[in-house]
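Working notes for the structure below.
The values are calculated or read from the model by the stated rules, or taken from the named source; none is laboratory data. Predicted model only: the values in this text are computed from it and were never measured. In this analysis, Cβ positions are derived from the backbone assuming ideal geometry, glycine residues included, and neighbour counts consider all displayed protein chains.
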Amino acid sequence: MALIVQKFGGTSVGNPERIKNVARRVARYRAQGDQVVVVVSAMSGVTDGLIKLAREIMPLPTEREMDMLLATGEQTTIALTAMALHALDLAAVSLTGSQAGILTDDVHTKAKIQDIDPKEIHSLLDAGNVVIVAGFQGRTADGRITTLGRGGSDLTAIALAAAIKADLCQIYTDVDGVYTADPRIVPGARKLPEISYDEMLELASLGAKVMQSRSVEFAKKFGVVFEVRSSLNDNPGTIVKEETQNMEDVVIRGVSLDKNQAKITLVAVPDRPGVAARVFKAIGEAAINVDMIVQNISHGSGQPATDLSFTVDKPDLLKTRKVIDALRGEIGYEEVIADENIGKLSIVGVGMRSHSGVAAKMFETLASEGVNIGMISTSEIKISVVIDLARGEAAMRAVHAAFLG
Ligand code: ADP
Ligand code: ASP
Ligand code: MG
């Protein structure tokens with residue numbers, strides 16, 4: 001008998017038949033005597049639909065109301081999943097994030113989990129229930145509903161697994177596991193039997209949406225080993241865990257493409273101390289995550305000036321523009337250019353630490369495809385480049401073929 005957390009993503013609960021399928025899987029584990037906590041996402045397309053609805057009312061709704069709205073997606077699925085289990089004569093109770101004891105900070109739309117009080121979950125499990133928890137949501141200390149950032153049901157599952165000390169954490173999705181690249185873009189991608197937290201974290205933060213990056217960060221911090229697997233079959237999935245010695249033998253574990261970034265350039269910013277600090281402090285205070293940053297001295301005539309470029313998540317672009325526009329008088333840049341047509345292509349692998357020539361091979365591959373590189377950033381285990389969005393998928397296939405083909 002084991003205590004298991006099973007998370008089902010949007011496609012896996014995308015219609016009534018799929019929800020019944022989830023219930024049948026849960027029933028199999030119950031029949032073995034396991035205790036099961038189920039975490040569900042909103043049905044596929046529902047969260048996007050709610051965002052669209054809100055934008056039809058106003059372009060930049062308050063984040064408090066966005067959370068109130070978005071949380072309804074998952075609330076629908078917990079109830080339907082409980083009903084599907086009842087239809088199989090299983091005892092099941094649904095809980096919102098708040099009812100499940102998930103406490104967060106008050107950064108609406110990307111709240112961080114601060115604490116989980118699993119009392120209610122434990123007592124419902126002990127009474128013989130399957131407990132179904134709404135993913136992606138929690139509540140602040142003063143009772144406001146928050147959401148955990150897109151893909152946040154993964155985080156709910158992993159945080160709950162840590163809080164209730166689950167024996168097993170399974171992330172069920174619409175692919176068999178974590179692949180060397182998104183199998184929908186790269187037909188030659190291969191399923192990985194295992195991957196380290198650090199590699200999964202890099203891939204996830206660099207666009208491989210199969211796992212929400214914050215959930216992987218959390219799993220690493222609390223040592224939650226988890227499996228990514230398909231809700232449509234019984235194939236073994238991918239185990240995500242601490243790095244083991246032989247993992248460095250492989251140079252590149254995977255390739256990812258992030259199409260969800262936008263580039264902002266402040267043209268002709270006065271070249272004096274404190275300007276970058278001012279810009280990024282204001283952006284940080286607005287809870288906007290900045291990724292790559294590049295600064296170039298412009299060689300025009302007149303006062304020394306620099307062009308300052310950085311990338312943010314596309315949905316944060318409007319908010320970022322607002323922050324930057326408000327700084328115009330104080331800083332005195334010439335103009336702001338926003339470019340949404342970028343893609344960030346990355347290669348990831350702990351083996352990069354002990355192999356040389358990896359960057360050169362990536363750049364040569366892109367050159368031979370005629371793809372221009374706009375920005376570059378590297379860490380010990382990844383290399384990322386910003387390229388033209390329209391060339392992104394072809395470039396991804398070429399780089400995958402060069403390293404993993
Ligand atoms: P869920 O709704 O179950 O959370 P997501 O749509 O968030 O599922 O994530 C699963 C999708 O992630 C897959 O359908 C796949 O297209 C995409 N994906 C991107 N990169 C990878 C990768 N390296 N391995 C597997 N899937 C990936
Ligand atoms: N429904 C949320 C989203 O679409 C959370 C999730 O699916 O994990 O981002
Ligand atoms: Mg997801």
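Filtering segment 178-221 to residues that are away from ligand 2 (no atom under 16 Å from the Cβ) and of a type in the set (D, E, K, R) leaves 182, 184, 190, 191, 194, 198, 199, 202, 220, 221. Residues in segment 176-186 that are surrounded by fewer than 21 Cβ atoms within 10 Å (Cβ to Cβ), touching a residue at least 40 places away in the same chain (Cβ under 8 Å) and either β-branched (Val, Ile, Thr) or more than 21 Å from residue 39 (Cα to Cα) (or both): 185 alone. Of 301, 377, 368, all but one fail to be touching a Ser or Thr at 6+ places or on another chain (Cβ under 6 Å) and either of a type in the set (S, T, N, Q) or modelled with pLDDT of 95 or more (or both); the exception is 377. Under 9 Å by Cβ, and 6 or more places apart or on different chains, what pairs join a residue from segment 335-356 that is within 30 Å of residue 324 (Cα to Cα) with one that is exposed (fewer than 14 other Cβ atoms within 10 Å of the Cβ) and small (Gly, Ala, Ser)? So the pair list comes out as 341/390; 343/390.
In this structure, residue 197 does not satisfy being within 29 Å of residue 387 (Cβ to Cβ), touching a residue at least 12 places away in the same chain (Cβ under 8 Å) and within 8 Å of ligand 1 (Cβ to nearest atom). One residue stands out among those in segment 244-273 that are among the β-branched types (Val, Ile, Thr) and outside any strand (DSSP E or B): the one that is farthest from ligand 1 (Cβ to nearest atom), which is 244.
Taking residue 85 as the residue in question, decide whether it is surrounded by 24 or more Cβ atoms within 10 Å (Cβ to Cβ), in contact (Cβ under 8 Å) with a residue 24 or more places away in the chain and either touching a Pro at 6+ places or on another chain (Cβ under 8 Å) or of a type in the set (Lys, Arg) (or both).
No; evaluated as a whole, the condition is false for this residue.
Scanning segment 317-357 for residues being aliphatic (A, V, I, L, M), out of contact with any strand residue (DSSP E or B) (no Cβ under 9 Å at 6 or more places or on another chain) and closer than 28 Å to residue 378 by Cβ gives a total of 1. If you take the residues in segment 145-174 that are surrounded by fewer than 20 Cβ atoms within 10 Å (Cβ to Cβ) and within 11 Å of ligand 1 (Cβ to nearest atom), which one is nearest to residue 211 (Cα to Cα)? So, considering only residues that are surrounded by fewer than 20 Cβ atoms within 10 Å (Cβ to Cβ) and within 11 Å of ligand 1 (Cβ to nearest atom), the one nearest to residue 211 (Cα to Cα) is 150. Among the residues making up segment 377-405, those that are in contact (Cβ under 8 Å) with a residue 40 or more places away in the chain, surrounded by fewer than 18 Cβ atoms within 10 Å (Cβ to Cβ) and in a strand (DSSP E or B) are 377, 379, 388.
Only one entry in 71, 42 is under 24 Å from the mean Cα position of the chain (by Cα), more than 16 Å from ligand 1 (Cβ to nearest atom) and within 17 Å of residue 95 (Cα to Cα), namely 71. Applying the criterion of being aliphatic (A, V, I, L, M), surrounded by fewer than 20 Cβ atoms within 10 Å (Cβ to Cβ) and touching a residue at least 24 places away in the same chain (Cβ under 8 Å) to the residues of segment 12-53, the residue that is farthest from ligand 2 (Cβ to nearest atom) is 27. Filtering segment 1-42 to residues that are more than 16 Å from ligand 3 (Cβ to nearest atom) and charged (D, E, K, R) leaves 17, 20, 24, 25, 28, 30, 34. Residues in segment 209-224 that are surrounded by 16 or more Cβ atoms within 10 Å (Cβ to Cβ) and over 8 Å from the mean Cα position of the chain (by Cα): 216, 217, 218, 219, 220, 224.
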